[in-house]
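Worksheet for the structure shown next.
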Amino acid sequence: MKNEKHCNNKEDGFPGESRRDFIKQSSLLTALALTPVTILKAAESEWDEKIAVAFEKLPVTLQINNKKYTLSLEPRVTLLDLLREQLGLTGSKKGCDHGQCGACTVLVDGRRINSCLSLAVMQDGKSITTIEGLGSSENLHPLQEAFIKHDGFQCGYCTPGQIISGIAVIREGHAGSAAEISEYMSGNICRCGCYPHIVDAIMEVKQGGKKV
Amino acid sequence: MNQFQYVKPSDLKSALTILAKDPTARCIAGGTNLIDLMKKGIVVVEKLVDINNLPLKNIETLDKVVRIGALVLNSDAAENKIITAQHPLLSLALNAGASPQLRNMATVGGNILQRTRCSYFCDRYMPCNKRQPGSGCGALEGYNRMHAIFGGSDACIAVHPSDMCVALSALDASVVISGIKGEYRIAINEFLRLPGDHPEKDNMLEKAALITAVEIPHHTFTKNIYYLKIRDRSSYAFALVSVAAALEISNGVINDVRLALGGVAHKPWRLYQSEKYLIGKQVSEFNFREAADLALKNAKGYKYNAFKLKMVPGAIVEALQKAVSAT
């Protein structure tokens with residue numbers, strides 16, 4: 001009965017109904033299907049049209065390894081998950097996923113960060129370098145070569161993060177001594193214990209003077 | 001991680017308006033702590049306000065203070081020429097914290113507002129009055145090795161994890177806050193609070209307000225300074241005990257001194273009594289030991305952290321000695 005009445009009113013040009021109202025309601029319904037609890041809360045606190053944008057994907061443009069990506073992302077996606085799960089760039093590793101191990105280290109605008117603790121949307125417009133952006137199997141980056149030469153890894157899981165971090169240490173000017181390298185590589189854990197070899201590899205590249 | 005709305009205001013006024021309209025909105029700067037807490041479900045965010053477009057990234061020397069914008073990265077602050085020249089103690093403390101990657105993300109404002117790393121706070125299945133008021137404190141009778149020996153309460157013995165704040169405490173820094181009513185300052189030693197009956201409140205930041213800067217008054221602690229950090233590995237670990245020490249010495253006499261401890265309380269633990277004792281005294285190991293013993297007044301050890309009662313005085317003496325011989 002109620003619905004019928006409502007319909008009648010609408011046909012009569014009831015002022016409460018408009019395209020805008022329809023969009024609000026339909027987006028609310030769509031959102032309800034996704035995450036009921038949050039949406040009901042949102043509806044109660046009358047966020048109304050904001051609900052429409054609440055769970056939308058956001059446009060994000062990233063330059064990754066010199067390639068431009070135009071993306072549409074949920075805000076909750078971390079940079080690491082974007083790289084690995086959506087773009088197939090699985091070189092950066094998920095170790096702890098809590099910023100404690102450094103396996104996910106990438107360069108953002110030339111500076112190393114833990115990609116697991118950063119949301120991809122926060123990096124909009126920035127330039128990202130992962131291990132895939134350093135060299136190719138035919139033409140390795142000097143630090144990749146040095147890691148092989150000095151046995152800088154065993155299982156290899158932390159290695160992409162170690163190499164990205166190692167490059168940053170050299171660029172930052174923190175590769176002056178073995179002790180300084182150790183201190184500035186402390187954010188990259190290696191459970192195989194290859195630390196002395198990693199330090200040797202970084203030292204050699206630093207002393208070789210090649211641009212990294 | 002749950003779904004949430006993401007907004008990125010471009011100026012302070014819009015950010016404050018969003019926060020005022022929606023009390024559940026949470027700010028993100030570096031995200032090194034918040035994203036971690038969101039992943040663990042310890043903090044559930046419905047609206048995330050990314051403040052990185054706010055113009056709060058300058059370090060400048062003003063008439064009476066050095067002002068550091070809240071969004072200055074920890075790594076940039078540590079290597080900034082004004083900071084290394086005028087406040088090298090802050091530089092040392094910053095570089096003792098976290099890892100280079102995290103320092104490249106973490107901001108000065110966020111560092112102050114970071115939550116405790118108490119293992120009971122960080123575990124949703126454990127009681128914690130800070131995370132869930134009234135649920136009890138798991139640490140009091142639990143594994144409390146990393147916990148407070150000063151200023152704790154029956155409700156909470158968590159410690160503030162920052163190194164940066166220990167230096168800021170020693171240097172009498174102020175936190176600059178912008179709220180809807182305007183800008184005001186609170187001394188960092190007042191801003192960070194003790195747990196008391198309300199451990200859920202880490203600090204005095206009111207709702208719909210932001211830290212916009214930190215200000216450090218000019219002083220002459222540029223030579224005889226040291227930041228000693230004792231931890232379970234030689235780098236990249238939270239402090240068991242840390243000491244920020246700054247001395248001003250002439251002809252072997254201490255004209256002025258600042259001492260603050262980290263890893264031992266819900267906020268940086270400033271040692272006013274020890275400082276008072278040392279002023280006018282000769283630089284000597286005896287005097288340093290006396291000052292260190294004074295620091296232990298009101299200290300209380302628990303089952304697994306009683307070792308800190310022995311560690312603290314030794315750390316204070318060592319930090320003072322290293323500050324004396326610093327060049």
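Here is the figure for region B:67-115: residues that are more than 25 Å from A:Gly102 (Cβ to Cβ) and basic (Lys, Arg) total 2. Could you tell me how many of the residues in region B:198-257 are under 28 Å from B:Arg131 (Cα atoms), within 14 Å of another protein chain (Cβ to nearest Cβ) and in contact with a Ser or Thr (Cβ under 6 Å, 6 or more places away or on another chain)? So the count comes out to 2.
Listed here are the residues, each with its yes/no results for (1) part of a strand (DSSP E or B); (2) in contact with a helix residue (DSSP H, G or I) (Cβ under 7 Å, 6 or more places away or on another chain); (3) closer than 21 Å to B:Pro55 by Cα.
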residue	(1), (2), (3)
B:Val166	no, yes, no
B:Asn189	no, yes, no
B:Gly196	no, no, no
B:Glu200	no, no, no
B:Val214	yes, yes, yes
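Could you name every one of the strands (runs of 3 or more DSSP E) located completely within region B:23-69 that has at least 1 residues being surrounded by fewer than 18 Cβ atoms within 10 Å (Cβ to Cβ) and touching a helix residue (DSSP H, G or I) at 6+ places or on another chain (Cβ under 9 Å)?
Values: elements: B:26-28, B:47-50, B:59-61, B:65-69.
Once the strands (runs of 3 or more DSSP E) in region B:23-69 are filtered for at least 1 residues that are surrounded by fewer than 18 Cβ atoms within 10 Å (Cβ to Cβ) and touching a helix residue (DSSP H, G or I) at 6+ places or on another chain (Cβ under 9 Å), what remains is B:26-28, B:59-61.
Do we find a residue being β-branched (Val, Ile, Thr) and within 14 Å of chain A (Cβ to nearest Cβ) anywhere in region B:89-111? Working first, answer last.
Of region B:89-111, the ones β-branched (Val, Ile, Thr) are B:107-108.
From the residues that got through so far, the ones that are within 14 Å of chain A (Cβ to nearest Cβ) too are B:107.
Looking through region B:89-111, at least one residue is β-branched (Val, Ile, Thr) and within 14 Å of chain A (Cβ to nearest Cβ).
Residue check: B:Lys276 meets all listed conditions (1) in a helix (DSSP H, G or I); (2) touching a strand residue (DSSP E or B) at 6+ places or on another chain (Cβ under 6 Å) but one, namely (2). The requirement of being at pLDDT 95 or above and part of a loop (DSSP other than H, G, I, E, B) is satisfied by B:Ser235.
A search for C-beta distances below 8 Å between a residue of region B:23-51 that is more than 9 Å from chain A (Cβ to nearest Cβ) and in contact (Cβ under 8 Å) with a residue 60 or more places away in the chain and any residue that is crowded, with 22+ Cβ neighbours inside 10 Å and among the aromatic types (Phe, Trp, Tyr), counting only pairs 6+ apart in sequence or on different chains, returns B:Ile42/B:Phe121. Of all residues in region A:159-168, none satisfies being assigned to a loop (DSSP other than H, G, I, E, B) and either within 23 Å of A:Pro196 (Cα to Cα) or within 11 Å of chain B (Cβ to nearest Cβ) (or both).
Considering only region A:105-134, state which residues are assigned to a loop (DSSP other than H, G, I, E, B), closer than 20 Å to A:Val212 by Cβ, within 11 Å of chain B (Cβ to nearest Cβ) and not acidic (Asp, Glu). Selection gives A:Gly110 alone.
The values are calculated or read from the model by the stated rules, or taken from the named source; none is laboratory data. As the structure is a computational prediction, the values presented were derived from the model and not from experiment. Note that each Cβ is placed from the backbone with ideal geometry, even for glycine, and that neighbours are counted across all protein chains shown.
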